[in-house]
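Engineer: Structure provided below as C-alpha cells; questions to follow.
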C-alpha cells in the first residue's frame with residue numbers, strides 16, 4: 001500500500017483514542033442500495049466480524065445531503081496505518097461491501113486505498129472521548145472483571 | 001430495513017441487536033445510542049466557532065463529566081465553512097439525553113453554538129429540542145464495542 005503522508009495522518013487523538021471521519025460521495029442510487037445492505041440481515045454478521053479487530057470502540061454510517069454523501073465515523077485505538085491494514089487483513093470483504101457504493105472507491109486491497117482515504121478524511125475540530133486511555137481490550141477486561149464481581153455479589157446476597 | 005433471512009453461524013452468535021431509539025432519532029445498541037446532525041451556520045459563524053473552540057475543547061472533560069453519559073463527541077466544519085457536522089455516542093434514550101445536556105452542560109454548548117449555528121437560541125430554550133431534532137440524521141449502521 002502507498003503511504004501518502006508517512007508519519008502524518010489525518011484525525012485527532014485523545015489519549016490512546018483516535019477519531020476517524022470520512023465524507024464520501026455516493027454513486028447514483030447508492031444510498032438506497034446501501035440502506036438495503038445495512039438492514040438487519042447484514043448488521044448481525046458484520047458487527048461480530050468487526051469485533052474481531054479488537055481496536056474499534058464504535059463506528060457508524062450516516063447518509064446525508066439528499067442521499068448523495070456518506071458520513072463514516074469511528075473511534076479506534078492505536079495507529080492509523082495499522083487500523084487500515086486491519087481492515088484489509090481481517091475484514092476485507094466487509095469493508096468492500098460497506099464502501100462499494102462510494103464513488104471512486106478502489107477496494108481495500110488496492111494500492112491506492114490509503115490515498116483515497118486520506119483524500120476523503122476530515123479531521124475533526126473537536127473530539128471528546130469519555131475514556132481516552134482505555135483501549136477496547138481494557139474495556140472488555142473491565143467488563144469481565146465486573147461480571148465476575150457481580151456473580152460473587154449476587155451469590156453472597158442470594 | 002431488509003427482512004432477508006439471516007444465515008446463523010458462529011459469528012452471528014455474537015451479533016449486537018440494533019434498534020432505533022424509542023423516543024427520537026438515532027440508532028441504538030443495548031444501553032447506547034448515536035445521533036449525528038448538521039447545523040447551518042450564520043455568516044461569519046465559522047470564524048467565531050474557530051475562535052471559541054480552544055476554550056470549548058479545554059472544558060470538554062469537565063462538562064461531559066457532569067453529563068456522565070457521553071462516550072464520544074466530535075464536530076467538524078463542512079461545505080466551505082457553511083455547516084457544522086457533529087456525531088455523538090451516548091447512554092440511554094434520546095429525550096433524557098437532551099434534558100441532561102441542557103441541564104448539566106447548557107452553558108458550555110451555548111458558548112460554542114450561540115451566534116454561530118443559524119436558529120440556535122440557548123440549550124434551555126423550550127424550542128431548542130425541536131430545533132435540534134430537525135437537524136439530526138439517523139445512522140444506517142452502528143457498531144459499538146460490547
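Engineer: Per residue of chain A, what 222 nm ellipticity follows from adding -39500 (n - 2.57) for every DSSP H run with n ≥ 4, rounded to the nearest 500?
Structural biologist: It lands at -13500 deg cm²/dmol.
Engineer: Once you treat every alpha carbon in chain A as an equal point and sum by Debye, what is log10 I(q)/I(0) at q = 0.15, 0.16, 0.18, 0.19 Å⁻¹?
Structural biologist: Computed log10 I(q)/I(0) values: -0.86, -0.97, -1.18, -1.30.
Engineer: Largest first, please: the extent of the C-alpha atoms of the range B:28-71 along each principal axis, to the nearest Å.
Structural biologist: 40, 24, 10
Engineer: Rounded to the nearest whole Å³, what is the per residue volume of the convex hull around the Cα atoms of the range B:23-137?
Structural biologist: Considering the Cα atoms of the range B:23-137, their hull volume per residue is 91 Å³.
Engineer: Here's a follow-up. Can you give me the distance in nm between label points at residue A:154 and residue B:52, each placed 7 Å from the Cα along the Cα-to-Cβ direction?
Structural biologist: Placing both labels 7 Å along Cα→Cβ, they lie 4.6 nm apart.
Engineer: Which value at 222 nm does chain B reach when only helices count, each DSSP H run of 4 or more adding -39,500 (n - 2.57), with the total divided by all residues and rounded to the nearest 500 deg cm²/dmol?
Structural biologist: That calculation yields -10500 deg cm²/dmol at 222 nm.
Engineer: So how tilted is helix B:45-58 from the main axis of chain B? Cα-based, degrees 0 to 90, rounded to 10.
Structural biologist: Taking Cα atoms only, the helix is inclined about 70 degrees.
Engineer: Using a basic spin-label model with each label point 7 Å from the Cα along Cα→Cβ, how many nm lie between residue B:99 and residue A:110?
Structural biologist: About 4.9 nm, to one decimal.
Engineer: Two-decimal Rg/Rh of the protein assembly as shown from alpha-carbon positions, Kirkwood Rh?
Structural biologist: Here the Rg-to-Rh quotient is 0.96.
Engineer: Using Cα pairs under 8 angstrom and six or more residues apart, how large is the relative contact order of the range B:23-137, in percent?
Structural biologist: 38
Engineer: Grab the beta carbon distance between residue A:97 and residue B:59, set R0 = 45 Å, and tell me the FRET efficiency rounded to 0.05.
Structural biologist: The computed FRET efficiency comes out at 0.65.
Engineer: What angle, in degrees between 0 and 90 and rounded to the nearest 10, separates the Cα long axis of helix A:136-157 from the longest principal axis of the Cα atoms of chain A?
Structural biologist: Once rounded, the angle reads 30 degrees.
Engineer: Taking 0.36 nm per residue of separation and subtracting the Cα-Cα distance, what length does fully extending residue A:67 through residue A:36 add?
Structural biologist: Between residue A:67 and residue A:36, full extension yields an extra 9.8 nm.
Here, each number is a calculation from the coordinates, and none is a lab measurement. Treat the numbers as computed from the prediction; the structure is a model and nothing was measured. No Cβ is skipped: glycine too gets one built from the backbone with ideal geometry, and neighbour counts run over all protein chains shown.
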